[in-house]
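I have placed the structure first, in the form of structure tokens, so that the comments after it can refer back to it.
The values are calculated or read from the model by the stated rules, or taken from the named source; none is laboratory data. Keep in mind that this is a model prediction, so the values were computed, not measured. Glycine also receives a Cβ, built like all others from the backbone with ideal geometry; neighbour counts cover every protein chain displayed. Keep in mind that these areas ignore ligands, DNA and RNA; they rest on the heavy atoms of the full protein, side chains included. Shrake-Rupley method; radii C 1.70, N 1.55, O 1.52, S 1.80 Å.
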Amino acid sequence: MGTTISTVSPALLKTMNGKTPSTGSSSSTSSTSSTSATDSAAQLQNHFMTMLVTQMQNQDPLNPMDNSQVTSQMAQLSTVTGISQMNATLSGLVSNYQSSQSLQAANLISHSVVVPGNAITLSNGNGQFGVNMSAAATNVQATISDANGKVVDTVNFGSLPSGVSALQWDGKTSTGATVPDGQYTFSVTASSGKTNVPATPLSVGLVNSVSTSATGAMLNIANVGPTSVADVLQIL
């Protein structure tokens, strides 16, 4: 009586991979995994049918393959093929979504937007910026510095509600002197009584152009830099 074939024969692997496998099991596994990673759903089906036919041709006629084995392999093939097709569908949906997002983002060109950042552009004595409060605060203060990091003004805004608030700076120092137009930075501190309130500084910038990336559409904002569309809190 012949012995039952329990492993894939070298002839089978040669048929599927186009070359004779090495004797080491790790090499065979690596080669098979590498091939499977690049196969399409149709190629997987062809390889499966080749493997199934070759197994049947080399089986022990006195101890043939059990029907449950064939059924199990068919179920595995169906699962792998379904996943491969689903991945291809999802990739197509992501690509279409990113293209649509880029077209929609193009409508923001030449518009000012509010995004996370600590930059202030002072122009004609008017600097716009903002803050996103995690909770209402009774004492909100912005410290403004020039390009060299020197503090030029400290502005008290008093009480502010939770959420996004638009703020303005008149371009004057704490002594009343007027500073030149240009780029400045700021930091925000907020408190309610003796409790500190987290506050996120916000910049206001003009959208100059739109670019695409692996994560989606990016807005190229003047004096702020590339920013994700998802980070836009307000459109002015």
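Structure above, values below:
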{"item": "Two-site label geometry, residue 138 and residue 83: point separation in nm, points 7 Å out along Cα→Cβ", "result": "5.9 nm"}
{"item": "Under Karplus coefficients 6.51, -1.76 and 1.60, residue-wise ³J(HN,Hα) of the stretch 219-235 in Hz, glycine/proline x", "result": "8, 9, 9, 4, 6, 10, x, x, 9, 5, 4, 5, 8, 6, 9, 8, 10"}
{"item": "Charge tally in the Cβ shell below 15 Å around residue 120, where Lys, Arg are +1 and Asp, Glu are -1, residue 120 excluded", "result": "-2"}
{"item": "Local electrostatic count at residue 179 - Lys and Arg +1, Asp and Glu -1, tallied over other residues with Cβ under 12 Å", "result": "-2"}
{"item": "Angstrom value of the Kirkwood radius, inverse mean 1/r, which spans all Cα pairs in the stretch 80-211", "result": "17.3 Å"}
{"item": "Spin-label model distance (nm) - residue 75 vs residue 223, 7 Å beyond Cα toward Cβ", "result": "6.5 nm"}
{"item": "Accessible area (Å², 1.4 Å probe, nearest 10) - residue 51", "result": "50 Å²"}
{"item": "For peptides 137-145, 221-229, sequence by mean Cβ density within 10 Å, most packed first", "result": "137-145, 221-229"}
{"item": "At R0 = 22 Å, FRET efficiency that the Cβ-Cβ distance of residue 211 and residue 236 yields, to 0.05", "result": "0.55"}
